[in-house]
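S.K.: One structure follows; several queries about it will come next.
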Amino acid sequence: HEKETINDVWVKLKDPDTFVVVQTAPAVRVALGEEFGMPIGTNVKGKMVTALKRIGFDKVFDTNTGADLTIMEEANEFIERLQNGGVLPMITSCSPGWVRFAEKNYGDLLDHLSSCKSPHQMFGAIIKSYFAEKYGIDRKKICTVSVMPCIAKKYECSRPEMEVDGVRDVDYVLTTRELARMIKQANIDFAILEDSTFDDPMGEASGAGAIFGTTGGVMEAAIRTAVDTLENRSIGQIEYK
């Protein structure tokens, strides 16, 4: 079960000197409603964003944008390996549970793993660099929170390599259940909330980011991005098998 970090996040939200940014994985929007009596699989994206803003997060972003960044990196890494005799097949590195499993049990496969960070870690790094610079915020005063469907993400954000110059990419990871607890602690009536949209400028993503969470989606997104890159044009509607 998750090691709860709700109280740590509440402390940051109550601190006027801390700019708290939250990002949510795609799966959360179709899992969160179940905690509030809605049918399993109900898409509550709009209500979820409203609830996060009412809780007090300064910016609410979609991890799909981070998935887009990861796909660009993975596709280009794949092209580089393909053209320069790198280790193939290349295996995605976006699942910390899988990465840890490989490290402990299949050390001989580690060269096959992509060097890319997972989407939420990559997005966290972007928030504390590009975003911080654009908005004129000291990156040391930004707290990044990821809402994820997988408890292995909690371990991932604590890995020693997930920081730049002593600043963590992601400070806290909450599970879907933890977010539901926070909404209930804030006495928010989730079912009657109006819909809101993710914040700009990083609230939009492509179809490649959207299919990231489906079986085979990472591979398809990487392959079609690689093809578009090599052809220097959008190939359009092709069904990849």
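The values are calculated or read from the model by the stated rules, or taken from the named source; none is laboratory data. The shown structure was predicted, so the numbers you read here are calculated from the model rather than taken from an experiment. Note: ideal-geometry Cβ built from the backbone for every residue, glycine included; neighbour counts use all protein chains shown. Areas reflect the complete protein model, heavy atoms only, side chains present, ligands, DNA and RNA absent. Shrake-Rupley method; radii C 1.70, N 1.55, O 1.52, S 1.80 Å.
S.K.: Using 7 Å Cα-to-Cβ label points, what is the residue 54/residue 133 separation (nm, one decimal)?
M.R.: Distance between label points: 3.8 nm.
S.K.: Looking at segment 171-241, which chymotrypsin sites (Phe, Trp or Tyr not before Pro) are in a loop (DSSP not H, G, I, E or B) and have at most 15 other Cβ atoms within 10 Å?
M.R.: Working: sites: 172, 190, 198, 212, 240; in loops: 198, 240.
In loop regions of segment 171-241 (DSSP not H, G, I, E or B), the sparsely surrounded chymotrypsin sites (Phe, Trp or Tyr not before Pro) are 240.
S.K.: Could I ask something else about it? Tell me the volume per residue, in Å³, of the convex hull enclosing the alpha carbons of segment 120-239.
M.R.: Working: hull volume 22.1 nm³, N = 120.
About 184 Å³ per residue, rounded to a whole number.
S.K.: Still on this structure, please answer the following. Suppose R0 equals 35 Å. What FRET efficiency, 1/(1 + (r/R0)^6) with r the Cβ-Cβ distance, do residue 155 and residue 232 give to the nearest 0.05?
M.R.: On the way: r = 40 Å, r/R0 = 1.13.
With a Förster radius of 35 Å, E is 0.30.
S.K.: Given only helices, namely DSSP H runs of n ≥ 4 each adding -39500 (n - 2.57), what is the per-residue ellipticity at 222 nm of the chain, to the nearest 500 deg cm²/dmol?
M.R.: The helix-only estimate for the chain comes to -12000 deg cm²/dmol at 222 nm.
S.K.: Sorted by accessible area (1.4 Å probe), largest first, how do 239, 77 line up?
M.R.: Result of the area sort, largest leading: 239, 77.
S.K.: Same structure again: With r defined as the distance between the Cβ atoms of residue 87 and residue 194 and R0 fixed at 51 Å, what FRET efficiency is calculated, to the nearest 0.05?
M.R.: 0.50
S.K.: Counting only Cα, what are the radius of gyration and maximum Cα-Cα distance Dmax of the chain, in Å?
M.R.: Here Rg and the maximum Cα pair distance are 18.4, 57 Å.
S.K.: Starting from the Cα of residue 140, move 7 Å in the Cα-to-Cβ direction to define the label point; list residues of segment 1-28 whose amide nitrogen is under 14 Å from there.
M.R.: Counting only backbone N, you get 18.
S.K.: Could you give the length gained on full extension between residue 186 and residue 42, defined as 0.36 nm per residue of separation minus the Cα-Cα distance, in nm?
M.R.: So the extension gain works out to 49.6 nm.
S.K.: Still on this structure: Suppose we keep just the DSSP beta bridges with both residues in the chain; what percent of those would be antiparallel, to 5?
M.R.: 10
S.K.: Only Lys, Arg, Asp and Glu count, each charged at its Cβ (+1, +1, -1, -1), so figure out the dipole size of the chain about its Cα centre, rounded to 20 debye.
M.R.: 540
S.K.: Related question: Given H placed on each backbone N at 1.01 Å, which residues far from residue 169 in sequence or on other chains put an amide H within less than 5 Å of it?
M.R.: Answer set, sorted by chain and number: 163, 164.
S.K.: Continuing with this model, one more query. Could you state the angle between the C-alpha long axis of helix 45-55 and the longest principal axis of the C-alpha atoms of the chain, as a value from 0 to 90 degrees rounded to the nearest 10?
M.R.: Compared with the principal axis, the helix lies near 50 degrees.
S.K.: Ok, one more. So how tilted is helix 63-83 from the main axis of the chain? Cα-based, degrees 0 to 90, rounded to 10.
M.R.: The helix 63-83 is inclined about 10 degrees to the chain.
S.K.: Another question about this same structure. List every residue whose amide H lies under 5 Å from the amide H of residue 147, counting only residues 5 or more places away in sequence or on a different chain, with H placed 1.01 Å from N in the peptide plane.
M.R.: 23, 24, 25, 174
S.K.: With the Cα gyration tensor of segment 1-137 in hand, convert its eigenvalues to equivalent ellipsoid semi-axes via √(5λ) and list them largest first in whole Å.
M.R.: 32, 20, 15
S.K.: Going down the table (117/184; 154/241; 14/141; 117/153; 53/184), which pairs top 22 Å between alpha carbons?
M.R.: In this structure, 117/184; 154/241 lie more than 22 Å apart at Cα.
S.K.: How far apart, in nm, are the 7 Å Cα→Cβ label points at residue 108 and residue 240?
M.R.: Placing both labels 7 Å along Cα→Cβ, they lie 2.9 nm apart.
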